[in-house]
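Note sheet for the following structure.
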Amino acid sequence: MDKEESFCNSTCEDQINMAERELSAFIRAVTELFGPEQARPSTEDWLDESELMDRPPRATSRDWQAVTVAAAARLANRGTPARDHRTLAASTDTKVSPILSSNCFASALLV
């Protein structure tokens, strides 16, 4: 294997790893914020956008964050209401937690 072929293989592996990390982070965020039912169409959007991104021939890198932004725009255009599961769980919880005040300890010392 010559130097150029070795460089190309290394560069390709690096790009694949970066793409995998970017897609994984995107899908994790979509699942957390919009629910698992949006994960599959969002994955398909991300993959479609990765194929549509312009890049010069023989380019050694790709802007994976731009792919994520474009896929996120598709998600927003689907009109899917944001469903933050943490907020949803908190809004349906009828238990009230006490609010600790930083002044409680100081006022106890004054008495």
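Sorting the segments 45-55, 11-21 by their residues' average number of neighbouring beta-carbon atoms within 10 angstrom, most packed first, yields 45-55, 11-21. Grab the beta carbon distance between THR11 and GLU37, set R0 = 25 Å, and tell me the FRET efficiency rounded to 0.05. After rounding to 0.05, the efficiency reads 0.10. Electrostatic bookkeeping for ALA73 treats Lys and Arg as +1 and Asp and Glu as -1; over the other residues with beta carbon under 11 Å from its beta carbon, the sum is 0.
Taken together, the values in this text are just the output of simple stated rules run on the coordinates, not laboratory data. Here the structure is a predicted model, which means the values were calculated and not measured. Reconstructed Cβ throughout: ideal geometry from the backbone, glycine too, with neighbour counts over all protein chains shown.
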